[in-house]
Amino acid sequence: MSLQGSQRRDQRRRLLVSWTRSGSADPPTTKPSTRSAAEYAPEADPDRHPGIATLLPTRIAGFTMAATGILVVLGAAIALGSYGPAITALENLAGPRFARSVAALRACLDIRGAGSLVAWLGQLLLLGSAVVATAVRLMRRHRRDDSRGNALAWGWLAILLTIAACGTALPLGRLVGGCIADATGIVLGQDGFGWWVAIAAVSLAAVSLWAVLPLHERLATSLWLAAGFIAWAMSAGCTWITDGRDVLATAGQAAWAAGCGLVAISMLAAARSVIREVRGECSRPSAAKKRTEPARQPAKQPPAEDRTALSLGQQAHTDDDAPASESDSGYTDGSESDEDHGSRQLTKAERKRLKKLARLAQAA
């Protein structure tokens, strides 16, 4: 009995010791994993990256390439979206298996849809135009004159272009026209759409003249901007009289997108003009050349003695022309003072000698 009891006590002791050791042992400590910071090259510093104005084309070649790219991409999108047989031919080629894909593609390319490719490109072009107008404003505001380059006009133009970009995705025209028609009781156009057109036309015309006229090189900007406004006017006219006709609706959307592209090109032209003006690269008007006569070379002055002889020779010519008098005999009694000697009459010999000296002085 005593042996078994001792064995059980030993087992309990061993269990107690093992439990104490396991309980008193500190739990293992694990450090949380930390992400190491990514390393960048010094060129990644934001201060080393160029601004928007430095990315805009200033050379005629770069500007031409940018304008051509805008027109080509936009023209291709308009052509695909307005030419229905192209999608029909693709649908026939794909067959019924890809009918859903062709239908989705038709919805993306259809120019009459609000979410079409053409509408999306027009919105991007208008937003880009607003960004470029803002860059122009930031440059014009540093002019050293009282008007500050009319920088405020470019800020307003950027705001108007942003509103126009929002109008491609939101029914702002119907909203504004409907509110004014309800408030005044005068319905101008379909559902008051004419109010939106009138407000947009007056605002864009006034702000554009305010911004473009002070430019040093404004011809290109004026032509592109005028072409864009004409395209928008055509779009407004087609939308006004569409009356559910697909042809007019398609033409209106195409004219709107074309106007967006032309306005974007005009903003690039304006930015190019301002950048060239800031850098001093603008061609200044040539001033009228004044005809100036060649400066006459001053006559070579003879020495002092020769000048005296010349003067005396001219006096001798005058004396020869004068009638002879009794005092020409040159008789002196020796009583003349030195002061009267300079005013006495010259003899013929002296006059001949002075004439000879005068001729020699003139020949020299």
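Every read-out reported here was derived from the displayed coordinates using simple, explicitly stated rules and does not represent laboratory data. These numbers were taken from a predicted model, which means no experiment stands behind them. Counting neighbours? That spans all protein chains shown, and the Cβs are built from the backbone with ideal geometry, glycine included.
Over region 52-279, what relative contact order in percent results from Cα pairs under 8 Å that are six or more residues apart?
26
Farthest toward the dipole's positive end in region 52-279, which of LEU80, VAL132, GLY178, given Cβ charges of +1 (Lys, Arg) and -1 (Asp, Glu) about the Cα centre?
Checked the options; the winner is VAL132.
For LEU215, enumerate residues with amide H under 5 Å from its amide H, sequence gap 5+ or separate chain, H modeled in the peptide plane.
none
Can you list the HN-Hα couplings for region 131-144, worked out from phi with the Karplus curve (6.51, -1.76, 1.60; θ = phi - 60°), rounded to whole Hz and with x for Gly and Pro?
Result, ordered by residue: 5, 5, 4, 5, 4, 5, 4, 5, 7, 5, 6, 9, 5, 8 Hz.
Rank THR168, VAL207, THR239 by how far each Cα sits towards the positive end of the charge dipole of region 152-250 (+1 on Lys, Arg Cβ; -1 on Asp, Glu Cβ) and give me just the farthest.
VAL207
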